[in-house]
Every structure is written in structure tokens, then in C-alpha cells.
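Peer 1: Got a structure for you, written out below as C-alpha cells; questions coming shortly.
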Amino acid sequence: MTMRTRKLIGAFGLLALVCVWSLLGMALAQSALTNINGWVAAIYYVVVGLGWVLPAMPLIAWMSRSDTPRV
């Protein structure tokens, strides 16, 4: 698979990951974290807001792999 194809697939994968991650984070916040302190809510949103980076790292590493030489 060429790098260009991997980047296209990875871009759609990253968009899907961010959309699903944000919707799950908002759903959890609305269902479980309704009566909490403002500081706790702020910490939650920072952690959840940056949490998508860890699952995205392997996808980005896969996208940036160099092409295998054709023989």
C-alpha cells in the first residue's frame, strides 16, 4: 500500500476517532458527571480532550511509514 493511500485511510480514521471520542466523552459527562465541582469537571474535560491522542498515535505511525520498495 502506498503512503498516499495510507494517509487517506488514516485521515478518515482520525476523523472517525475524534468524532466518536468526543461524543462518548460528552455522553459520559452528561450521564455520570452532572453534580460535580467545577474544578473536577475542568480536569475531566482536559483529560478527555487530550485522551484521543493515545489511540491516534499508532494510526499516525502507520500512516507515516515509508513505502516498501517495489522489486
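Just so it is clear, none of the values below were taken in a lab; they were calculated from the coordinates. It should be emphasised that the depicted structure is a prediction, and the values quoted were computed from it without experimental measurement. Reconstructed Cβ throughout: ideal geometry from the backbone, glycine too, with neighbour counts over all protein chains shown.
Peer 1: Once the Cα atoms of helix 38-51 and of the chain are each reduced to a long axis, what angle between those two axes, in degrees from 0 to 90 to the nearest 10, is obtained?
Peer 2: That works out to roughly 10 degrees.
Peer 1: Pop out the ³J(HN,Hα) list for the range 54-61 in order, Karplus 6.51 cos²θ - 1.76 cosθ + 1.60 with θ = phi - 60°, rounded to Hz; leave Gly and Pro as x.
Peer 2: Here the 3J(HN,Hα) series is 4, x, 7, 4, x, 5, 5, 5 Hz.
Peer 1: Could you line up 65, 6, 70 from fewest to most neighbouring Cβ atoms inside 10 Å? Display every interim value, and only then the final one.
Peer 2: Working: 65 10, 6 17, 70 4.
So the ranking, lowest neighbour count to highest, is 70, 65, 6.
Peer 1: Additional query: Roughly speaking, what is the stretch gain from residue 60 to residue 16, that is 0.36 nm per residue apart minus the C-alpha to C-alpha distance, in nm to one decimal?
Peer 2: 14.5 nm
Peer 1: Please work out the C-alpha center-to-center distance from the range 47-66 to the range 1-30 and express it in whole Å.
Peer 2: For the range 47-66 versus the range 1-30, the Cα centre distance is 9 Å.
Peer 1: How much net charge surrounds residue 5 when only the other residues with a Cβ under 13 Å from the Cβ of residue 5 are counted, with Lys and Arg +1 and Asp and Glu -1?
Peer 2: With Lys, Arg at +1 and Asp, Glu at -1, the neighbours total +3.
Peer 1: Let me ask something else. What ³J(HN,Hα) values, in whole Hz, does the Karplus curve 6.51 cos²θ - 1.76 cosθ + 1.60 give for the range 63-70 when θ = phi - 60°, with x put for Gly and Pro?
Peer 2: Going residue by residue, I get 5, 8, 4, 6, 5, 7, x, 8 Hz, with x marking Gly and Pro.
Peer 1: Binned at 10 Å from 0, what are the whole-percent values of the Cα-Cα distance distribution for the chain, short to long?
Peer 2: For the chain, the pair-distance distribution reads 18, 36, 22, 14, 7, 2, 0.
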